[in-house]
Amino acid sequence: MNHSCLSALRWFLLVLLFSTVSAHSWIEQLLVIAANGTFVGAPGYARGNVLRTDPSFNDKTMTYLLPPNGQANQSVIEPTDKLCKSTQRTQNQTEGSPRLQASAGAAIALRFQENGHVTLPWNQPGKPKNRGTVYVYGTTEPKEDENFVDVHKVWNRNGTGGDRRGVLLSQQNFDDGRCYQINNGNISEHRQKAFPHVADQTMGADLWCQQDIALPSDAPSGKLYTLYWVWDWPTAPGVDPSLPNGKLEMYTTCIDVEVVDGDNSTTASRVREGYVEDQSLDRAAIPSEFAEIMSSGTSKEAGSSLAPSSSTTPAPTSTPTPTPAPTTPPRVSIVTTFITSYVTVQPTGG
């Protein structure tokens, strides 16, 4: 096999691998959003991040679940349960995964994979129609031993909740209305046509979800601003026979942003230049989320007047009713076999 063919095959395998990973979700990367809604600058990453390309990567390296598996009562978060995964309780960054740099008041996108939770909803009976709600809390005073119950649904928009160390910056649907994993479900097939995405080395063939937020305009420059991302994804009682009482299911990612001096290109005055509608889907904010941020202002005080979240609403009406497609074997096993065979037969040094 010549070098060009081998390179093409490796690229094909990379695309398939990224498109078929079965996992739960966490914040994969963050990007600053410019005035026209386009991503600018270098991406940033969560504390203790492990890239998917790292040989040590597996689902457990980045997943943090509350209540933990094995806990007898799956409907209770214990008062001592920590908000952050053990590898994310300190302000640490791993090699190759730097912090995002952004100015105070900047709009930023938090990007995550839906991993079938949006496009294959029948795999998890009893889950909310919006595929759960994602929250982002912000603080300049994080604790290494931050307790989950002291923050989630306690810190509020105006900063008067709980111990007043932080604020609720955003509350949105997990399903942003366009993201998808490549699979044979009718939701995925519909979105692949409605929101075409050219496969790349970051996302593969999938189109990642995102949550667009604004940093407070009074975030102090030269310091770190901490974000706590929480995906609240409960199972309703009486739907799944194995869970007659339902269960709580929360996932978190803990992130630090380096606040830097600079011209804030996302202030409301400059946003009036207009959102560019034809920009690439993988390099742009969600128009509705971006408009909400900018219409409400980017300061901490303005954040308290944000319109009520649509987190309790179902997925957009443009999404078809989920229809299971159980007759096709799972692509994950097919691709895994293919990759294993490919790796086995190829000579080294190619």
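The values are calculated or read from the model by the stated rules, or taken from the named source; none is laboratory data. Since we're looking at a predicted model, the values are computed, not measured. As a convention, Cβ positions derive from the backbone with ideal geometry for all residues, glycine included, and neighbour counts pool all protein chains shown.
Remarks
- The stretch 150-167, residues that are aliphatic (A, V, I, L, M) and out of contact with any Ser or Thr (no Cβ under 9 Å at 6 or more places or on another chain): V154
- Odd one out for N58, checked against (1) buried (at least 20 other Cβ atoms within 10 Å of the Cβ); (2) more than 30 Å from A284 (Cβ to Cβ): (1)
- Subset of the stretch 56-65 that is assigned to a helix (DSSP H, G or I) and either of a type outside the set (A, V, I, L, M, F, W, C) or touching a His at 6+ places or on another chain (Cβ under 8 Å) (or both) - its residue that is farthest from E28 (Cα to Cα): K60
- Top-ranked residue of the stretch 20-47 - restricted to ones that are surrounded by fewer than 20 Cβ atoms within 10 Å (Cβ to Cβ) and either farther than 12 Å from R283 by Cβ or among the charged types (D, E, K, R) (or both), ranked as modelled with the highest pLDDT: A42
- Of the residues making up the stretch 62-77, those that are at pLDDT below 95, surrounded by fewer than 17 Cβ atoms within 10 Å (Cβ to Cβ) and not hydrophobic (A, V, I, L, M, F, W, C) are P68, N69, G70, Q71, N73, S75.
- Residues of the stretch 203-222 classified as out of contact with any helix residue (DSSP H, G or I) (no Cβ under 7 Å at 6 or more places or on another chain) and loosely packed, with under 14 Cβ neighbours inside 10 Å, total: 3
- Here G126 clears all of (1) surrounded by fewer than 20 Cβ atoms within 10 Å (Cβ to Cβ); (2) farther than 30 Å from P324 by Cβ; (3) in contact with a Ser or Thr (Cβ under 6 Å, 6 or more places away or on another chain); (4) not hydroxyl-bearing (S, T, Y) except the condition numbered (2).
- Given (1) buried (at least 21 other Cβ atoms within 10 Å of the Cβ); (2) more than 15 Å from the chain's Cα centre (by Cα); (3) on the phi > 0 side of the Ramachandran plot; (4) not β-branched (V, I, T), index of the condition G96 fails: (1)
- Exactly one residue out of K193, K127 is touching a residue at least 40 places away in the same chain (Cβ under 8 Å), of a type in the set (K, R) and over 24 Å from E292 (Cα atoms), and it is K127.
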